[in-house]
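Accompanying notes for the structure given below.
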Amino acid sequence: MAGNNTKILKQANTYLVLNSIISAESITIEDVVKKTKLSRPTIVNIVKELTEKNIVFKSGYAEYTGGRLPTLLSLNANSYYTIGIDFEFPPIRMAISNLKGEVVHKRGITVERHFSRNQIIELMFQELDGMIAESGIAKEQFIGIGIGMLGYLKANQGISVEIIRIPDWKDVDFKQLIKERFGLPVYVQNDIHMMALAEKRLFLPDLEEDFAYVGIRPGIRSGIGLAMQINGSFYGGVNGNAHLLGHMTIDVNGEPCTCGSRGCLELIAGEPNVIKRYKALIGDGEDLEHIRGIRDIYARSLAGEQTATDVLDEVGNYMGIGIANVVKLFGLTTVVIGGPDSELYTNLIRDHLKKNIFKHMSGEMNLIVGRLEQDLYPLGSCFLVIDQFFKEPTLNL
């Protein structure tokens with residue numbers, strides 16, 4: 001075990017003990033010994049330190065079995081807090097959670113689309129200041145800030161390389177800017193990955209197999225993103241930009257996309273383009289000002305309008321092809337459709353997905369409707385910070 005020192009080994013043991021307490025909700029020292037295989041004196045010393053730091057507390061007593069009454073240990077979820085940000089633009093959502101990921105305060109703003117980079121950042125900082133002040137939580141109780149970003153990233157460096165819809169947004173060192181303002185550790189990651197993390201922790205805790213999470217954002221941004229859980233963790237690639245499903249080429253002869261390619265899935269199946277195509281098919285003979293989202297077209301389809309049905313079937317077809325490519329490439333049997341219109345898109349996609357994968361895979365396919373509400377999107381970034389706080393040390397064996 002050359003290269004390991006006492007400090008690292010202690011961190012590793014602390015991680016084992018703490019993880020046992022978190023996963024069990026409440027647990028005795030004797031049961032921690034059984035789970036970790038560590039010596040009782042080692043665990044007693046670690047528990048003593050965790051208790052002094054107010055991370056662990058004595059939550060009661062276990063069932064009496066003779067001898068001394070065994071004490072139960074639990075995580076003190078409200079000893080520390082995290083801040084999570086979902087930077088969608090123009091909406092920016094923020095939340096404060098405790099160590100269990102329970103939201104204790106949240107706030108959302110909508111930024112004017114003509115604002116410059118500096119105006120957007122300053123407004124966000126002001127709102128964060130306000131949210132922290134309203135929460136009444138002391139600064140020393142915050143363990144970090146996580147942010148889920150749209151656009152292209154250098155996630156490990158905390159740099160937002162480009163957001164196309166903000167003209168002067170280039171190479172913004174978000175990690176450094178937030179760190180200078182708030183004096184806390186900062187973690188930056190792809191926004192869809194953060195949605196997937198929150199969905200998994202809140203609504204799919206027992207889903208252990210590999211799966212794909214397709215996050216579909218409505219409105220002017222109309223993003224189609226992908227996150228994948230592989231071997232128990234979400235894969236982000238070198239810079240956190242893995243799985244850009246919206247920019248998978250579906251039609252090589254299609255219209256040019258803002259990414260520089262042609263015929264991207266997002267360009268074909270994204271909400272603004274679907275609305276534009278629908279209105280063009282209907283023509284100028286009808287007032288269509290009230291058609292502002294895919295739900296409006298869906299309502300017309302349910303009412304029996306063939307044009308609406310045809311347009312939505314096309315959306316389902318292209319989305320089904322794109323997701324089928326992912327399923328076949330990675331051999332998946334589970335796909336989660338997330339976003340505010342998750343049930344609608346799931347209905348559109350289901351049959352098209354099944355017809356575009358191998359016949360023997362079709363019967364095994366599990367298509368799940370995501371349940372994550374928009375106001376909980378920043379919770380994924382809170383979980384990111386919590387995971388870093390409780391991160392297992394890397395041992396040099």
task: Take every DSSP beta bridge with both residues inside the chain and express the antiparallel ones as a percent of the total, to the nearest 5.
output: 65
task: Give the long-range amide H neighbours of VAL186: residues separated by 5 or more places, or on another chain, with amide H under 5 Å away, using H modelled in the peptide plane at 1.01 Å from N.
output: ILE145
- line: Under the 7 Å Cα-to-Cβ spin-label approximation, LYS355 and ASN253 lie apart by a distance in nanometres of 2.2
message: Can you tell me the orientation of helix 191-203 relative to the chain, as the angle in degrees between its alpha-carbon axis and the longest Cα principal axis, to the nearest 10?
response: 60
task: Can you put CYS264, CYS257 in order of Cβ neighbours within 10 angstrom, beginning with the fewest?
output: CYS257, CYS264
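Distance check, please: which entries in LYS53/LYS200; LYS10/LYS37; LYS7/LYS175 exceed 19 angstrom between their Cα atoms?
Pairs exceeding 19 Å: LYS53/LYS200; LYS7/LYS175.
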statement: Karplus-derived 3J(HN,Hα) from phi for region 281-286 (6.51 cos²θ - 1.76 cosθ + 1.60, θ = phi - 60°), whole Hz, x at Gly and Pro, runs 6, 5, x, 8, x, 9
- prompt: If r is the Cβ-Cβ distance from SER79 to LEU123 and R0 is 30 Å, what FRET efficiency results, to the nearest 0.05?
  reply: 0.45
- prompt: Which of ILE386, ILE159 comes first, and how do the rest follow, when ranked by fewest Cβ neighbours within 10 Å?
  reply: ILE159, ILE386
- request: For TYR81, enumerate residues with amide H under 5 Å from its amide H, sequence gap 5+ or separate chain, H modeled in the peptide plane.
  value: PHE142, ILE143
task: Of the options ILE92, GLY232, SER135, report the single residue whose Cα projects farthest towards the positive end of the charge dipole of the chain (beta-carbon charges: Lys, Arg +1; Asp, Glu -1).
output: GLY232
statement: Phi angles of region 41-54, converted by Karplus (6.51 cos²θ - 1.76 cosθ + 1.60, θ = phi - 60°) into ³J(HN,Hα) in whole Hz with x for Gly and Pro, give x, 4, 5, 4, 5, 5, 4, 4, 5, 5, 5, 5, 7, 6
- prompt: Under 5 Å between amide H atoms, partner at least 5 residues away or on a different chain: which partners does GLU88 have, H built in plane at 1.01 Å?
  reply: ARG93
Note, ³J(HN,Hα) from phi for region 9-19, Karplus 6.51, -1.76, 1.60, rounded to Hz, x at Gly and Pro: 5, 5, 4, 5, 5, 4, 4, 4, 5, 5, 5
task: Quote the convex hull volume per residue of the chain, based on C-alpha atoms, as a whole number of Å³.
output: 191
statement: Taking the chain and counting helices only, DSSP H stretches of n ≥ 4 at -39,500 (n - 2.57) each over all residues, the nearest-500 ellipticity at 222 nm comes to -12500 deg cm²/dmol
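Assuming a viscosity of 1.306 mPa s and a temperature of 10 °C, what translational diffusion coefficient in µm² per second does Stokes-Einstein assign to region 6-75, Rh being the Kirkwood radius over Cα pairs?
In µm²/s, the coefficient rounds to 131.
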query: What is the gain in length, in nm to one decimal, between ASN366 and ARG262 on full extension, counting 0.36 nm per residue of separation less the C-alpha to C-alpha distance?
result: 34.4 nm
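The numbers here are math on the coordinates, done by the rules we state, and not lab data. The shown structure was predicted, so the numbers you read here are calculated from the model rather than taken from an experiment. All Cβ positions, even for glycine, are placed from backbone atoms using ideal geometry, and neighbour counts span all protein chains on display.
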